[in-house]
1. Going by the conditions given, is residue B:181 more than 26 Å from residue B:120 (Cβ to Cβ), touching a residue at least 24 places away in the same chain (Cβ under 8 Å) and of a type in the set (Ser, Thr, Tyr)?
2. How many residues, within segment B:32-61, are of a type in the set (A, V, I, L, M, F, W, C) and within 8 Å of chain A (Cβ to nearest Cβ)?
3. Quick check on this structure: which one of A:185, A:202, A:221 is more than 14 Å from every other protein chain (Cβ to nearest Cβ) and assigned to a loop (DSSP other than H, G, I, E, B)?
4. Residues in segment A:384-398 that are surrounded by 13 or more Cβ atoms within 10 Å (Cβ to Cβ) and of a type in the set (Ser, Thr, Tyr): how many?
5. Pick out, from segment A:399-512, the helices (runs of 4 or more DSSP H) lying fully within it that include 1 or more residues that are open to solvent by 30 Å² or more (accessible area, probe 1.4 Å) and either free of Cβ contacts under 8 Å to residues at least 12 places away in the same chain or within 12 Å of chain B (Cβ to nearest Cβ) (or both).
6. For residues in segment B:62-84 being surrounded by fewer than 23 Cβ atoms within 10 Å (Cβ to Cβ) and within 14 Å of another protein chain (Cβ to nearest Cβ), which is nearest to residue B:21 (Cα to Cα)?
7. Scanning segment A:242-258 for residues that are in a strand (DSSP E or B) and within 14 Å of chain B (Cβ to nearest Cβ), which turns out farthest from residue B:50 (Cα to Cα)?
8. Determine if segment B:301-319 includes at least one residue that is open to solvent by less than 10 Å² (accessible area, probe 1.4 Å) and farther than 16 Å from residue B:376 by Cα.
Amino acid sequence: MRTIETDVLVIGGGATGTGCARDLAMRGIRTILVEKGDLTHGTTGRYHGLLHSGGRYVTKDPQSATECARENVVLRKIMPHCLEDTSGFFVTTPWDDPAYGDVFVKNCRLTGVPVQELSVQAMLRREPLLNPQISRVFEVMDGSADSFLATRSTALSAEEYGAQIWTYHHVVDLVREGDRVTGAVVEDLRNGERIGILCACVLNAAGAWAGKIAAMAGVTVTVLPGKGTMVAMNHRMVNTVVNRCKLPDDGDIIVPIHTVAVIGTTDVHVPDPDVYGIEPDEIQFMLAEGDKLIPGFSQYRALRAWAGVRPLYKDRDVANDRDIPRTFKLLDHAERDGVEGMLSIVGGKWTTYRLMAEESVDALAKRLGNTRPCRTAEEPLPLPPTEHQTTFRPPVRTTGPGASVAAEVEALQHAPLYWLGKHLSEVEHEQSFADLICECEMASRSRVLAAIDAGAKNLDDIRRDVRMGMGPCQGGWCIYRTTALLFERRGEDGLSHANSNDALLHFLQARWKGLVPVLWGDQLRQARLDELIYVGVLGADRLRPIAEQGGGLVTDNPAVATEYVKA
Amino acid sequence: MDHIELSLTQSLDHCIKCNICTSACPVAAVTDAFPGPKYVGPQAQRFRHEGQPVPDASVDYCSGCRVCNQVCPTGVKIAELNARARAQIVAERGLPLRNWLVARAGLVGRMSCGPHAPLLNFGLRLTPARWAVEKVIGIHRKAPLPASSTYTFRAWFRKHRAPTTARRQVAFFHGCATNFYEPHVGKAAIAVLEHNGFEVLLPKQQCCGLPLISNGDFKAATSAHEANVQALVSYARQGIPIVGTSTSCTLTLKEEAPEILALHSEDVQIVAAGTYDIFEFLRSLAERGELKTDFRPIERHLPYHQPCQYRAHRLGSPAMDVLSLIPGLVLEESHAECCGIAGTYGLKQEKYQIGMDVGAKLFDMVKRSGSDLALCDSETCRWQITHATGVASKHPIEILAEAYGLEL
């Protein structure tokens, strides 16, 4: 077995782990990050995409609210290309306690969450489809975030500073010598090779899987996986994030992100982060809640449903699961459990990932005798090769609580903020409309090839890079095109057509899982057409015998092939 | 937002990406400048956001022929989405002078119609003049511009003596073309209606607004439609049918203006429901046995093109149905999607050739027929057909009047 030495081994390629790797590398600390799937394969890639203003936590979890409010501004400065400045509303519907509005505003002030009340008329001018029975509206600095892009940009920066990012590497075991964790054995899931990693410290950033990792070192960390189910609707009926003005609950938020509007979420505790299903009543409940915000919401076309698992950390002194805070916690296992050489960073949310990384790396750096300061809040993230450099800057918000920050961010002249029309405008500018691979999401051939050349291992990786297959037809037209490109591009590396067939089948199956919960109306009609394309025309149902794993494309290893297992 | 409006704005959700519209689109078939109805319609719509700059420009190459709507298996209102997207572009970037001008058929007609018309017509046939018009304004030098009339249809109607035997009334919507360029079409319609026992009333009216809609000038289109509704609604309320010879004008009153401009008042709906294309109206008379059939035989074999805007009425082929009552007359249908002119589209310098290519199938058919006359219900299509083939063209109502032996 090959053995490699490093300073820090980060476990988990979500927002937090990748953020830690970047921070470590920027401070000159040798770092390897291992992730059992692709980056963001766990919870980061399955969240609704909200850039929190903090508003959701002002009452129940004030510390989180303050952290979100601060990081919201930081992220706008370092990753504008990943964020859309949608702004956000908290609205009092007839189903909500009208007295909470004043409590909400008071708590926003206390926690430092910028807020501004708006008239209902002004709200309806901006979002005419919202329920006219809404009685009060508060505007906050919510936004939407592309968590795939943000994590890839973070990883790219980490690599530029010398970190090694190993995706599709699964931790088989942690090596413990006496009271000290000295490294790990990891397995390359694509070829089965095992590699030993010796390190001064392990940073467990495995999110909902952190308990499983800690257990390998004989340490108990209780992470309660909280399943959240979300539904993406076919188009944005609102362009502003809309929250119910009440204590956070199921189905109380609609996030316009990229071309879709996402309604979320449920919160169901599941025993195992790898085993969960989506129940029909969850979907029905959320669509019905959507009707309260946007009358007729449930009649719009639902594209897809999916779920992610929140990593809720249960401290040893918390008796009731409902009291678990959404804030994060850094566990020093030397102090806590008498085990040296390992830290776990648990809990938290996407918006505060950078802060979580900063605190974790501060503690690690101190231990390693490194005194360099954290610079992740100042230095902007690089753009991955799938992102085109554009000079067009969408107009800057001039009203509402986010106006002054928007002006400040714009003055930095970093990459332009994301805006909804971005990819369409690029395709129009390049006149590449005859060369679209994914037509629904406007992924041109050049961007798909850039994703493959940048190391996307399979179709799902390409999806996360360029949103291929995420639109209305859910891959009806782009899956076979992308498979062909993958084969063409990687054929010289030994990728066979049988490997490509396997990749195609794997991706079709993954898309199908998300379609099943919303199979009615337009999406049922779509699924029928997709079936005619893949089964009727292409005979995909008879492809299995001439499909085989290999070429580093797909792994059926249970470590990654976990999503949507019916509980 | 009412349900009619929602059914339009939400219709993008019905797109299953099947590409049937893209394969049927006559414009996408002949040019790479137009990515096709699926792309510019329901697909691009997901990337548009009223509060943000318009991200796209290619939708301007949509001719508005509505073939996409017709073939869409799931009922996406593609043409309406496109018209609105173009209006957003105009709202943001302004209306070019050329489009401002060609969208105002009434204004241009009023200025060019009159005793000076022969001189103007002569001038506009001169190559250097057309070259200058192309350079300065952007109207293609070869594009078919209609010849102005020395008198307006309305002026003729004022002097016209109607028979006194009429039992019923209709209101006639003549549109700009009949009034300023082709009064003879209106005269034929009046003769046919009067022959069938109708008193023809002539309401005040202005341009239906379609050229304004298709050039993205929604503000002017809205005021045109509102004025027309105001002038027409009293007729419709009395149950007097509003009948028009221009298929695009009647479609605009019936459907395009209300839907695209989101005008859904009760008056708008009453006018829409009370408006008929003239052959739609005559066919309904024939179905009730109320159409006179004292036709003289016309032993001719004529090519007939049903305009895209007429098919968009979703009425089958009323002109064919009625003309088939004329003994001896055989019509050969073009089965062409579009002649390419699409109102003002084919006049534009950058779109003229696209229009000609779109119409190629129709032009071939007309030429192959060997006929010296082609029939078509829409004025701009007739001008395009004659321009492209050299074959004269008439409105079917003119043949009907001829079959009745009516003096015009």
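1. Against the criterion (more than 26 Å from residue B:120 (Cβ to Cβ), touching a residue at least 24 places away in the same chain (Cβ under 8 Å) and of a type in the set (Ser, Thr, Tyr)), residue B:181 does not qualify.
2. So the count comes out to 4.
3. Only one candidate qualifies: A:221.
4. Qualifying residue count, segment A:384-398: 2.
5. A:403-412, A:422-430, A:478-490
6. Per the criteria, the residue is B:73.
7. A:257
8. no
The values are calculated or read from the model by the stated rules, or taken from the named source; none is laboratory data. As the structure is a prediction and not an experimental result, all values here were calculated from the model. FYI the Cβ positions are ideal-geometry reconstructions off the backbone, even for glycines, and counts take in every protein chain you see. Each accessible area value is taken on the protein alone, full model and side chains, heavy atoms only, with ligands, DNA and RNA left out. Shrake-Rupley method; radii C 1.70, N 1.55, O 1.52, S 1.80 Å.
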